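Chemist: First the structure, then my questions, so here it is.
Nothing in this text is a laboratory measurement; each read-out follows from the coordinates by a stated rule. Everything numeric here is computed off the predicted structure, so don't read it as measured data. Positions of Cβ are backbone-derived with ideal geometry, glycine not excepted, and every protein chain shown enters the neighbour counts.
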Amino acid sequence: MENPRPQAPGITPPMAPLPLPLHPPIAPIPAPPRAPAPAAASTSAAAGSDDDDDVDYEVSDDHRAARERHERAVQELMQRRRAYAMAVPTNDSAVRARLRRLGEPITLFGEREMERRDRLRALMVRLEAEGQFDRLLRAQEDEQGGAADEEDAEQIQYPFFTEGTKELLQARVDIAQYTLPRAKARVERAKRRLADPDEDPEAEADLVVKQAGEFVLECSEIGDDRPLTGCSFSRDASMLATSSWSGIIKVWSMPQITKIATLKGHTERATDVAFSPVDNCLATASADKTAKLWNSDGTLLMSFDGHLDRLARLAFHPSGKYLGTASFDKTWRLWDINTGTELLLQEGHSRSVYGVSFHPDGSLAASCGLDAHARVWDLRSGRLYCTLIGHVKPVLGVSFSPNGHLVATASEDNFCRIWDLRTRKMLYSIPAHKSLISHVKFEPQEGYYLATSSYDTKAALWSTRDYKPIKSLAGHESKVTSLDISGDGQQIVTVSHDRTIKMWTCRSNAQDNEMELD
């Protein structure tokens, strides 16, 4: 029996491959016809690609316009940045000079300072963008050279101070001769009062403050058809003068408040009135840029012309020879009332000057203005003694104390501030009223109290020992514009926009005072 031949295990015979199905070939997709595009608008998107075929993309008109707007906006932004970074003069005269050197019109019809400066900035940016930077540098060098030449010329031609006249020099000498004996007498009197055991300033101050607390309304009178702006007692308190918006000054006899004279001469509203401390003459200030000197019977004695804007307040020097006027032309001026000569034109305030006052000795003058500052000037040397900085709004009133070393200022910030001239610092700040304070004045004998008037329709009295309120004088129906205190301190007069004059007195206290003195 034959044995079969053994075969290798796990080996399968190969299978025949399956036949693949046959499909017809797919025709290629024809490419869309390419529209001919302008050479400037066609772009090649396949540059630098590995493919052999170039693919071009077509840019639409909207996309092209948007890209142009973007480029213009970027250019304008860059020009604006360069314009703000470019140094342009702030002085209008320097702007005009640079425009002239660049060959441009220095001004256009209806063009203002800021518009002219913006035009110069745009011109400088355009010159820099156009590559004309040399022309711009040349104009700047010419401008700097001209400014240097002008500065040298000014240094050579003009001194650093304003040379005064011979009349001013003589006035300073007269003021020094007048003030030195008065200051010496005041200091000696203060020393004597401190050294004398019979003198009791504290008790005297308490008595005066107690009397001031009993002020009552004595009488009221219609002063004018228009609002009243100022009032002033004569030196013996026998007459009272008032000013009003009508431009008319009226003189009244006291204490009945009977009209005795009417002063007409101003062409605009009258802003203030003041009696002379040595005689019965009075001075008036007006918005017609003039101050006038009158006799009490209504005779015009002199007119002081020179201010460039309307006047605000005015005051007599204690000697009675000089008159100080404050004006909105940013100056205050000193006049000789005998000759009508302008002795001093004092600058220093950055805004309008509203008030002026003189030291009881006559050595100093204080001015206040809308720049929120008060300045104290030495009339004997012409130097600025100090600047009283503390108010945050215009200062409308200033007054010296009879003791010689205190100054009170009234401001639109509703505060009355007390300053010490010895330390040149603020001593106390009084939140006096609910509205602006129009005027402030010390009691004229010893300065034991001060009075303030305000647009809150009230006047108020304050003790100068502790600056506490003493009395509120309420009676007006409108803004209280001014006040004055008689020489003996027993009468106070206030005027208001309600066109009334109100007299406040403390006669009973005056009689008690006389009995105690006896």
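Chemist: Using 1/(1 + (r/R0)^6) with R0 = 25 angstrom and r between the beta carbons of T162 and A190, what's the FRET efficiency to the nearest 0.05? Could the numbers behind the result be given before it?
Modeler: On the way: r = 36 Å, r/R0 = 1.46.
E(calc), rounded to 0.05, equals 0.10.
Chemist: Now for a separate question. Excluding residues on the same chain fewer than 8 positions from K471, give the lysines whose Cα lies under 24 Å from its Cα.
Modeler: Leaving aside lysines fewer than 8 places away in the same chain, those within reach of K471 are K210, K434, K441, K458, K479, K502.
Chemist: Using the charge dipole of the range 392-438 (Lys, Arg: +1 at Cβ; Asp, Glu: -1 at Cβ; taken about the Cα centre), state which of S435, F400, W419 has its Cα farthest towards the positive end.
Modeler: W419
Chemist: What's the FRET efficiency of R112 with H63 using the Cβ-Cβ distance as r and R₀ = 45 Å, to the nearest 0.05? Walk me through the intermediate numbers first.
Modeler: Details: r = 42 Å, r/R0 = 0.94.
Efficiency, from the Cβ-Cβ distance: 0.60.
Chemist: Same structure again: Quick one: Karplus J couplings for the range 264-270, per residue in order, coefficients 6.51, -1.76, 1.60, θ = phi - 60°, nearest Hz, x for Gly and Pro?
Modeler: Taking θ as phi minus 60°, the curve returns 10, x, 7, 9, 10, 5, 7 Hz for the range 264-270.
Chemist: Show the residues, 5+ positions off or on another chain, whose built amide H is closer than 5 Å to the amide H of Y449.
Modeler: Those qualifying (amide H under 5 Å, at least 5 residues apart or on another chain) are E443, T464.
Chemist: Non-local amide H neighbours of A261 (under 5 Å, H modeled in plane, Pro and chain starts lacking H): which ones?
Modeler: V251
Chemist: Next question, about the same structure. In whole Hz, what ³J(HN,Hα) sequence does the range 167-181 give by Karplus (6.51, -1.76, 1.60; θ = phi - 60°), x for Gly and Pro?
Modeler: 4, 5, 4, 5, 5, 5, 5, 4, 5, 5, 5, 7, 7, 4, x
Chemist: Hey, rough spin-label estimate for E268 and V392, points 7 angstrom out along Cα→Cβ, what's it come to in nanometres?
Modeler: Result for the modelled spin labels: 3.2 nm.
Chemist: A follow-up question, please. Suppose each label sits 7 Å from its Cα in the direction of the beta carbon; what would the D309-A176 distance come out to in nanometres?
Modeler: Each label point lies 7 Å from its Cα, and together they span 3.4 nm.
Chemist: A further question on this structure: Taking a cut-off of 23 Å between Cα atoms, list the lysines near K166, but don't count ones fewer than 8 places away on the same chain.
Modeler: The qualifying lysines are K321.
Chemist: Additional query: In nm, to one decimal, how far is the modelled label at A474 from the one at M78, with both set 7 Å along Cα→Cβ?
Modeler: 7.1
Chemist: Find how much the distance from L217 to R424 grows on full extension, using 0.36 nm per residue of separation minus their present alpha carbon separation; answer in nm with one decimal.
Modeler: Values: separation 207, 0.36 × 207 = 74.52 nm, distance 3.74 nm.
Stretched fully, the L217-R424 segment lengthens by 70.8 nm.
Chemist: Provide the packing ranking of 422-431, 188-197, i.e. peptides ordered by the mean count of other C-beta atoms within 10 Å per residue, highest first. Kindly include the intermediate steps, with their values, before the conclusion.
Modeler: Details: 422-431: 13.5, 188-197: 10.0.
Descending packing order for the listed peptides: 422-431, 188-197.
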